Amino acid sequence: MSGLLRSLFVAGLLIAGSNAPRADALSAWLDNVAACAGKRDLSLAVVGFEAGQQVLSRTQADEVRLAIESRLQSEGRIRLAASADVVRIKALRDSLNLQKPGEAEAQIRRAFDGDASVFFTQPARQDEKASFRLQAIAKAGDCKATSEPIEIAIRTKPGVVDVDQVMSKAVENLVRAAPDLRRVDICPFAAASGYSACSAALGERLTLALDAESRSADRILRARPLEIRKAAPGQCAASSDAVTTRGRFEQDRNGQSWMELEFRRGDAVLAPTGRNRIPVEGLGCDPTVRPFLEHVAATAGSDRARLALLPAASPFAKGRRLDVRIEGKAGTKLYCWVLDSDGTASVVLPVRGEADRSVLRAGSQSYPYDFGLGDIVLDAAFENLFACFGTEADLPAALRQRWLKAAPSASDDAAILQPDEVLDLIETLRAVPGVVEATAPIVVR
């Protein structure tokens with residue numbers, strides 16, 4: 001993104017107030033769980049569905065549990081206990097050479113030791129969606145909290161098994177190559193010559209394979225925990241003692257898809273898969289490899305009835321003033337930025353100290369005029385992407401502070417976010433329940 005455009009987008013700022021936080025359904029349920037447990041910051045043992053349920057396959061049930069755990073962790077107030085499937089542990093514990101009588105039972109109890117255990121009840125399925133309720137039982141067994149129905153998309157198409165086999169084999173080889181493995185930091189899959197939605201989908205499959213290893217009965221009963229983390233921005237480019245992933249996705253000129261994966265510890269390469277041809281149909285992703293701005297626009301979770309961006313011209317003539325009409329549901333909180341083709345970005349809304357100006361009113365609003373900003377004269381040729389996230393409730397506190405830290409203020413320009421930080425923010429924001437996106441190219445000729 002050009003320095004000129006950044007300075008234009010943050011010019012003419014005024015001072016305003018802030019918004020009061022609004023809790024979403026999951027936060028409200030967590031408040032009820034906290035009331036049961038008698039504490040706000042919770043340790044939860046997410047058990048998931050009953051082993052005998054027939055609504056979802058075992059793989060689908062594990063996927064749903066991982067998705068719920070990710071949502072809970074995004075609240076910023078949850079620690080997950082090392083819970084696992086009791087049926088699997090009971091089936092295997094007798095074959096393990098435990099040194100002390102009762103050790104298996106003690107380790108199982110520790111694995112489920114939390115302020116509350118969370119069960120998934122009343123499962124139902126319609127096409128490619130599953131619905132259920134979260135039911136938390138307090139540690140003392142004297143209180144429970146049940147959520148409103150939750151709906152999650154599930155994988156139903158063929159092809160996932162083949163990808164999962166590659167991932168599972170890679171994890172198996174990793175454990176064999178590094179028997180002392182205690183932690184893996186997951187880096188995003190890269191796409192050759194651009195960006196693809198299948199990179200994120202492959203990252204999810206790798207996470208599931210590592211999660212299955214971390215929950216294995218052998219690890220739990222022998223007290224060999226495996227911690228799985230999403231690598232922090234900037235961490236993947238550095239060499240460290242932590243085991244990190246390096247994945248690559250490619251679509252060739254014949255439309256065939258390929259992946260390769262390796263793990264690294266410092267300069268050592270562990271458990272490389274080599275280049276594997278994979279079917280991507282079952283992943284539910286578009287394998288097309290695109291330039292950065294096209295990729296962001298193509299993968300945005302758009303719903304024009306909830307949020308739309310309409311530039312006054314396309315392209316704008318040099319010397320004209322920027323004017324983008326923003327339409328959406330009244331009360332929607334906006335988090336907007338400008339992205340450049342090199343992968344960098346600058347936040348434009350909200351302005352620090354003026355959060356109330358970034359809440360949509362009934363009817364349309366014009367950027368920058370209706371947001372307390374001065375004229376932005378487009379006096380240079382460029383191509384950027386104006387993009388907004390919209391939420392009815394406030395973002396989780398940690399994510400909101402992260403966004404505002406990069407935002408402009410009445411006296412300071414916005415920070416220039418680097419590509420790895422931008423991609424991480426996109427992934428994190430898209431995971432927020434109920435978020436909607438809108439994008440619009442800003443082209444000046």
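Below, the figures for the structure above:
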quantity: Hits in segment 308-323 (condition: open to solvent by 20 Å² or more (accessible area, probe 1.4 Å) and touching a helix residue (DSSP H, G or I) at 6+ places or on another chain (Cβ under 8 Å)); calculated: ASP323
quantity: ALA200 being open to solvent by 50 Å² or more (accessible area, probe 1.4 Å), out of contact with any strand residue (DSSP E or B) (no Cβ under 8 Å at 6 or more places or on another chain) and in a helix (DSSP H, G or I); calculated: yes
quantity: Residue satisfying all of: in segment 203-223; open to solvent by 50 Å² or more (accessible area, probe 1.4 Å) and among the aliphatic types (A, V, I, L, M); nearest to SER341 (Cα to Cα) among these; calculated: ALA212
quantity: Test for ARG176: is it open to solvent by 20 Å² or more (accessible area, probe 1.4 Å), over 26 Å from GLY255 (Cβ atoms), at pLDDT 90 or above and in contact with a Leu (Cβ under 8 Å, 6 or more places away or on another chain); calculated: no
quantity: Filter result (of a type in the set (Gly, Ala, Ser) and surrounded by 18 or more Cβ atoms within 10 Å (Cβ to Cβ)) within segment 285-307; calculated: ALA297, ALA300
quantity: Top-ranked residue in segment 235-259 [being assigned to a loop (DSSP other than H, G, I, E, B) and open to solvent by less than 40 Å² (accessible area, probe 1.4 Å); ranked as farthest from ASP162 (Cα to Cα)]; calculated: ALA242
quantity: Residue satisfying all of: in segment 324-354; surrounded by fewer than 21 Cβ atoms within 10 Å (Cβ to Cβ) and hydrophobic (A, V, I, L, M, F, W, C); nearest to LEU307 (Cα to Cα) among these; calculated: ALA330
quantity: Yes/no for ASN276 being open to solvent by 40 Å² or more (accessible area, probe 1.4 Å), polar (S, T, N, Q) and closer than 18 Å to ALA170 by Cα; calculated: yes
quantity: Matching residues, segment 356-369, being within 24 Å of the chain's Cα centre (by Cα) and open to solvent by less than 10 Å² (accessible area, probe 1.4 Å); calculated: SER358
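The values are calculated or read from the model by the stated rules, or taken from the named source; none is laboratory data. Quantities reported herein were computed from a predicted structural model and do not represent experimental measurements. Ideal geometry is used to build each Cβ from the backbone, glycine not excepted, and the neighbour counts take in all protein chains shown. Surface areas here come from the heavy atoms of the whole protein model, side chains and all, with no ligands, DNA or RNA. Shrake-Rupley method; radii C 1.70, N 1.55, O 1.52, S 1.80 Å.
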